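Quick notes on the structure that follows.
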Amino acid sequence: MVIVGAGVVGAACAYYAARAGLRVAVVEAGTIAGGTTGSGEGNLLVSDKEPGPELDLALASLKVWGELAEDLAPADVEYEPKGGVVVAETPEGLAALTKLADVQRASGVVAEPADGAGLAELEPNLAPGLAGGVHYPQDAQVQPMLAAACLLRRARERGAQVHTGVRVVGIDRGAGEGADGRITGVVTSAGRLAAGAVVNAAGTWSGEVAALAGVMLPIQPRRGFILVTEPLPPLVRHKVYDADYVANVASSSPGLETSTVVEGTRGGTILIGASRERVGFDRTLSVPVLARLAAQAVRLFPFLEGVSTIRAYRGFRPYLPDHLPVIGPDPRVAGLFHACGHEGAGVGLAPITGSLVASVLTGTEPAVDLRAFRADRFDASPTYAEQQGEVST
Ligand SMILES: Cc1cc2nc3c(=O)[nH]c(=O)nc-3n(C[C@H](O)[C@H](O)[C@H](O)COP(=O)(O)OP(=O)(O)OC[C@H]3O[C@@H](n4cnc5c(N)ncnc54)[C@H](O)[C@@H]3O)c2cc1C
């Protein structure tokens, strides 16, 4: 089998497929983690998800992450089960947050209310005067690039081959009399590779790979900026974000949305986000957006006012109109499988995605119902057609 893409999702697919005894070749156009995996953050979150298929997937993945980190060596991937804290500035914001926590709890999320004093205990450097918040002890963190590299290292130890700097430019399908159009291999910039199965883990570029097989996946880039501070002693203990973040994550607006997200890293730097906008693959660094992110972060953690930033970067989340990934076999093309479209949650959802893909490849019953993640769910979608300007009004 061939896996297209060596981001964290492709790496997880390679890890689980190799572990299941399959012959695996990963084909990556650039470098390991050189796509979105190398330009995001590494939160493994349940706190930002509303009840539904994505939260169920995230809960399953968190469990798998805990086991996986042991195999990869927790220190090697900077795995930290540190928890998340969501804060509200106003009583109205807190009421909405409390309502969300109640329904999440019913889905299996641990969500502990915190009043002003409780917040100060969890995060002593938070601004005073916040209305309250919710502590999510299940949230965790990894370093995504290290995670992808370690997953591929383990896959290689089990026989997987990883070809970097090689682009998939075509997908071969059986043709002619009696052929069923089943996938027979890929055409790459370095020649042909025969394969009975192709896993599309090309992240934000997965629509292009799907098109090579003759099918449509409406994946679009959703840009996000991150600011990185100078290394500091540990002053932020959890992933801390404001209640607006959940609404921004779930929003389908193409316009700019920002919320306050602050978290420390093992290396001592503090990562400040988060912005979301659909502006194609525009790589321009937006100073107004960065200034807004910085100002919001200072409001939440006043000590940041006196701290220097050392860099800023951007990445392109693989966005699908219903905010759910595509996982599993493509009913339109025999031999084509997808593991893509995880938007802002691909690091968190990578292990469960990889293990589900390995299950379907080996004919084992998947641990999660895959119906919500079907690849053909957008075929007749007016939302998608409208977005592409294909519907006349
Ligand atoms: C600012 C920001 C913050 C984020 N924070 C988080 C977070 O805290 N937690 C979280 O879970 N997620 C987060 N994300 C989202 C997460 O980074 C992505 O969901 C995840 O990295 C997607 O991984 P992937 O392997 O699917 O894609 P990628 O990492 O993009 O990998 C796809 C790979 O496919 C390769 N490729 C494409 N086309 C071809 C081809 N034709 N042939 C060969 N190779 C090809 C690309 O070169 C690329 O390396 C964030 C994203 C951003 C932008």
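The values are calculated or read from the model by the stated rules, or taken from the named source; none is laboratory data. Computed from a predicted structure; not experimentally measured. All Cβ positions, even for glycine, are placed from backbone atoms using ideal geometry, and neighbour counts span all protein chains on display.
Would you confirm whether any residue within the range 158-180 is free of Cβ contacts under 8 Å to residues at least 12 places away in the same chain and hydrophobic (A, V, I, L, M, F, W, C)?
Yes, some residue in the range 158-180 is free of Cβ contacts under 8 Å to residues at least 12 places away in the same chain and hydrophobic (A, V, I, L, M, F, W, C).
Out of G66, G93, G52, report the one residue that is over 18 Å from E263 (Cβ atoms), assigned by TED's automatic domain parsing to the domain that holds E157, at pLDDT below 95 and not charged (D, E, K, R).
So the residue among G66, G93, G52 that is over 18 Å from E263 (Cβ atoms), assigned by TED's automatic domain parsing to the domain that holds E157, at pLDDT below 95 and not charged (D, E, K, R) is G66.
Would you confirm whether any residue within the range 133-145 is more than 26 Å from the chain's Cα centre (by Cα), away from the ligand (no atom under 16 Å from the Cβ) and at pLDDT 95 or above?
no
Against the condition among the aliphatic types (A, V, I, L, M), outside the structural domain of A211 (by TED's automatic domain parsing) and within 15 Å of the ligand (Cβ to nearest atom), how does I270 come out, does it pass?
Against the criterion (among the aliphatic types (A, V, I, L, M), outside the structural domain of A211 (by TED's automatic domain parsing) and within 15 Å of the ligand (Cβ to nearest atom)), I270 qualifies.
Consider V228 carefully, then state whether it is under 26 Å from A148 (Cα atoms) and surrounded by 21 or more Cβ atoms within 10 Å (Cβ to Cβ).
no
Name every residue in the range 226-267 that is of a type in the set (A, V, I, L, M), away from the ligand (no atom under 13 Å from the Cβ) and closer than 18 Å to Y319 by Cα, in order of residue number.
V246, A247, A250, L256
Scan the range 366-391 and report the pairs whose first residue is assigned by TED's automatic domain parsing to the domain that holds A211 and within 28 Å of G354 (Cα to Cα) and whose second residue is of a type in the set (D, E) and modelled with pLDDT of 95 or more, with Cβ atoms within less than 6 Å and a gap of 6+ or a chain change.
Qualifying pairs under 6 Å: A375/D330.
Given the residues R311, R299, which is the only one that is surrounded by fewer than 16 Cβ atoms within 10 Å (Cβ to Cβ), in a strand (DSSP E or B) and more than 11 Å from the ligand (Cβ to nearest atom)?
R311
Output the number of residues of the range 121-169 satisfying the condition of being under 13 Å from A6 (Cα atoms) and out of contact with any strand residue (DSSP E or B) (no Cβ under 8 Å at 6 or more places or on another chain).
Residues in the range 121-169 being under 13 Å from A6 (Cα atoms) and out of contact with any strand residue (DSSP E or B) (no Cβ under 8 Å at 6 or more places or on another chain): 9 in total.
For the structure I just gave you, tell me whether V347 is of a type in the set (V, I, T), touching a residue at least 12 places away in the same chain (Cβ under 8 Å), within 16 Å of the ligand (Cβ to nearest atom) and within 16 Å of G224 (Cα to Cα).
yes
Between a residue in the range 86-115 that is in contact (Cβ under 8 Å) with a residue 12 or more places away in the chain and any residue that is basic (K, R), which pairs come within a Cβ distance under 6 Å, given they are 6 or more apart or on different chains?
A111/R105
All but one of (1) over 20 Å from the mean Cα position of the chain (by Cα); (2) in the same structural domain as G10 (by TED's automatic domain parsing) hold for R292, so report the exception by its number.
R292 satisfies every listed condition except (2).
When residues of the range 273-293 are filtered for being surrounded by 11 or more Cβ atoms within 10 Å (Cβ to Cβ) and more than 15 Å from the ligand (Cβ to nearest atom), how many remain?
1
If I ask for residues that are assigned to a strand (DSSP E or B) and small (G, A, S), which ones from the range 242-291 would you list?
S259, G264, G273, A274, S275
Pick out, from the range 157-220, the strands (runs of 3 or more DSSP E) lying fully within it that include 1 or more residues that are crowded, with 17+ Cβ neighbours inside 10 Å, more than 15 Å from the ligand (Cβ to nearest atom) and over 23 Å from the mean Cα position of the chain (by Cα).
168-173, 183-188
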